[in-house]
Amino acid sequence: MPGDFTRADVKAHACSYILLSLLQRMDQKEPGLIGDLLAGAKGDFEASQSQNDLPPPVSMIFQEAIAMLTRASAYKQNTEDRHAALGDTAEE
């Protein structure tokens with residue numbers, strides 16, 4: 001493996017890939033799921049900011065969860081835009 005990319009990094013990236021794929025497929029079955037999860041994560045993160053006794057990793061976890069959900073949402077939007085541009089109304 002190149003540089004400082006560890007086996008744990010490989011596993012984390014693989015899990016991220018699988019999770020994003022699952023979220024996108026679930027959102028196809030239940031439209032709005034990703035948006036609801038993103039709104040919930042943002043709300044929970046905002047609420048957690050008022051708690052002074054939380055360890056620093058908690059903020060980092062929320063920020064990563066929000067980033068992952070944002071990526072899933074952006075991919076979904078890009079796919080929908082592509083289908084609209086092609087005049088394709090069929091789902092993937």
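The values are calculated or read from the model by the stated rules, or taken from the named source; none is laboratory data. None of these values were measured; they are calculated from a predicted model. Heads up, the Cβs are rebuilt from the backbone with ideal geometry, glycines too, and the neighbour counts pull from every protein chain shown.
Please determine, by comparing only the residues of region 1-43 that are in a loop (DSSP other than H, G, I, E, B) and over 14 Å from the mean Cα position of the chain (by Cα), which one is nearest to residue 74 (Cα to Cα).
Step by step, filter region 1-43, then rank; the result is 31.
Quick check: is even one residue across region 47-66 surrounded by 12 or more Cβ atoms within 10 Å (Cβ to Cβ) and touching a Gly at 6+ places or on another chain (Cβ under 8 Å)?
No, there is no match, as no residue in region 47-66 is surrounded by 12 or more Cβ atoms within 10 Å (Cβ to Cβ) and touching a Gly at 6+ places or on another chain (Cβ under 8 Å).
Say we look at region 48-92 and pick out the residues that are touching a residue at least 12 places away in the same chain (Cβ under 8 Å) and over 18 Å from residue 21 (Cα atoms); which of these is farthest from the chain's Cα centre (by Cα)?
48
Conditions tested, residue by residue: (1) in contact with a Pro (Cβ under 9 Å, 6 or more places away or on another chain); (2) modelled with pLDDT of 90 or more; (3) hydroxyl-bearing (Ser, Thr, Tyr); (4) not in a loop (DSSP other than H, G, I, E, B).
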| site | (1), (2), (3), (4) |
| --- | --- |
| 45 | no, yes, no, yes |
| 50 | no, yes, yes, no |
| 58 | no, yes, no, yes |
| 68 | no, yes, no, yes |
| 81 | no, no, no, yes |
